[in-house]
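> Pasting a structure below so you can have a look.
The values are calculated or read from the model by the stated rules, or taken from the named source; none is laboratory data. Quick caveat: nothing in here was measured; it's all calculated off a predicted structure. Cβ: placed from backbone, ideal geometry, glycine included. Neighbour counts: every protein chain shown.
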Amino acid sequence: MIKGPGVIRIYEVGLRDGLQIQKKILTTDEKLALVKSLIKAGCKDIQATSFVHPRLVPQLADAEELIQNTEKPESVRLWALVPNERGIERAAKCSNLFGVSIVLSASDSHNISNIRMKTSESLAKLPVLFAAARSAGLIVRVELATSFGCPFEGAVPIERIIDIARVVYDLKADHLALADTTGMADPMLVAQRVQAVHAAVPGLKLSGHFHNTRGAGMANTLAAWQAGVDIFDASFGGLGGCPFAPGATGNVATEDMVHMFHQMGVETHTDLNELIKTAQKAQAFFGFELPGQVMKAGPASKLHNLGYEGND
């Protein structure tokens, strides 16, 4: 087996990607309880919300209130997703915020569905968005949706990904998240795309953002790690999905991902048991079973009694 990095960085997206598609809207206090639980679990990068119009994503309408009322140590970095200039204006007013994720799609169809413009138009706006964020003291990363396929167009040429990656690198983003928005990736495709971007833009740091729509999320995570990726988006309990993409389902569960890496001897600087408690807390808030596996089975190190007395 090809060995990847010995330490990875978890970028927790459950409070944004995990909540934005749910019918039940959690209260701000419930969200704050989840943030507190994630901090206790050792999560250092938490994407807490999105500054989108409340009419479009009412689940995240309390973005400012949530960010400003989060009590955290200085080592914890709060992030928010921003789709446009208005989003950055709102983010800039939140002194507790560390950075923003600017989102665009590799395919025109999904970009139009998500943010009402073609990919080329989003790329043309990136310098302005970066400048506005940095003037507010915010670190910037880019999330590239449909990096492994589009639910409207199908295959997305790798040349398109590389062209966008070059723009992101020139703008000096913290990193570029290659996102499998509706679970169209497979491990071979992931490895090929990561290797191709690394070869074309060697100075650009990448992260993996995988949805488990067709059950390949963990396999794709492993393939990206083997290809050298050391930052991974994940969502507690496996919650998630894009409200503007048909068939979207949850992200790879944070606790499942951490369990796999810990089993392989890879450090994540998180506490698995506390992550399981976070997922269980979210499950109680929503009142339905979440898709995460480790929260149900427990870690592999958990042993069970045989259940009967054996013969002498």
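> Of Met184, Met257, which residue is closer than 26 Å to Thr49 by Cα, touching a Phe, Trp or Tyr at 6+ places or on another chain (Cβ under 7 Å), crowded, with 17+ Cβ neighbours inside 10 Å and free of Cβ contacts under 8 Å to residues at least 40 places away in the same chain?
None of the other options fit; the residue is Met184.
> Now for a different question. Name the pairs whose Cβ atoms lie under 9 Å apart, with the first residue in the stretch 1-26 and closer than 23 Å to Ser75 by Cβ and in a loop (DSSP other than H, G, I, E, B), the second at pLDDT 95 or above and polar (S, T, N, Q), and 6 or more positions between them or separate chains?
The qualifying pairs are Ile8/Thr268; Val13/Gln47; Val13/Ser101; Val13/Ser235; Val13/Thr254.
> Restricting the stretch 217-252 to residues that are surrounded by fewer than 21 Cβ atoms within 10 Å (Cβ to Cβ), small (Gly, Ala, Ser) and modelled with pLDDT of 95 or more, which is farthest from Val103 (Cα to Cα)?
Ala219
> Provide a single number: the residues in the stretch 197-225 that are hydroxyl-bearing (Ser, Thr, Tyr) and assigned to a strand (DSSP E or B).
The total comes to 1.
> Determine whether the stretch 60-83 contains at least one residue that is in contact with a strand residue (DSSP E or B) (Cβ under 6 Å, 6 or more places away or on another chain) and among the acidic types (Asp, Glu).
Looking through the stretch 60-83, none of the residues is in contact with a strand residue (DSSP E or B) (Cβ under 6 Å, 6 or more places away or on another chain) and among the acidic types (Asp, Glu).
> Name the single residue that is farthest from the chain's Cα centre (by Cα) among those in the stretch 79-110 being closer than 25 Å to Asp180 by Cα and small (Gly, Ala, Ser).
Once the filter is applied, the top-ranked residue is Ser109.
> Does His209 fit the bill of being modelled with pLDDT of 95 or more, farther than 17 Å from Leu144 by Cα and surrounded by 22 or more Cβ atoms within 10 Å (Cβ to Cβ)?
Against the criterion (modelled with pLDDT of 95 or more, farther than 17 Å from Leu144 by Cα and surrounded by 22 or more Cβ atoms within 10 Å (Cβ to Cβ)), His209 does not qualify.
> Separate question: Here are Ala279, Ala284: which of them is crowded, with 22+ Cβ neighbours inside 10 Å and either in a loop (DSSP other than H, G, I, E, B) or not basic (Lys, Arg) (or both)?
Among Ala279, Ala284, only Ala279 is crowded, with 22+ Cβ neighbours inside 10 Å and either in a loop (DSSP other than H, G, I, E, B) or not basic (Lys, Arg) (or both).
> Restricting attention to the stretch 150-176, and to residues there that are part of a loop (DSSP other than H, G, I, E, B) and in contact with a Gly (Cβ under 9 Å, 6 or more places away or on another chain), which single residue is surrounded by the fewest Cβ atoms within 10 Å (Cβ to Cβ)?
Filtering first and then ranking leaves Ala155.
> Residues of the stretch 207-230 being farther than 21 Å from Gly14 by Cβ, among the aliphatic types (A, V, I, L, M) and in contact (Cβ under 8 Å) with a residue 40 or more places away in the chain, which ones?
Across the stretch 207-230, the qualifying residue is only Ala227.
> So, in the stretch 123-149, how many residues would count as being among the small types (Gly, Ala, Ser) and assigned to a helix (DSSP H, G or I)?
5
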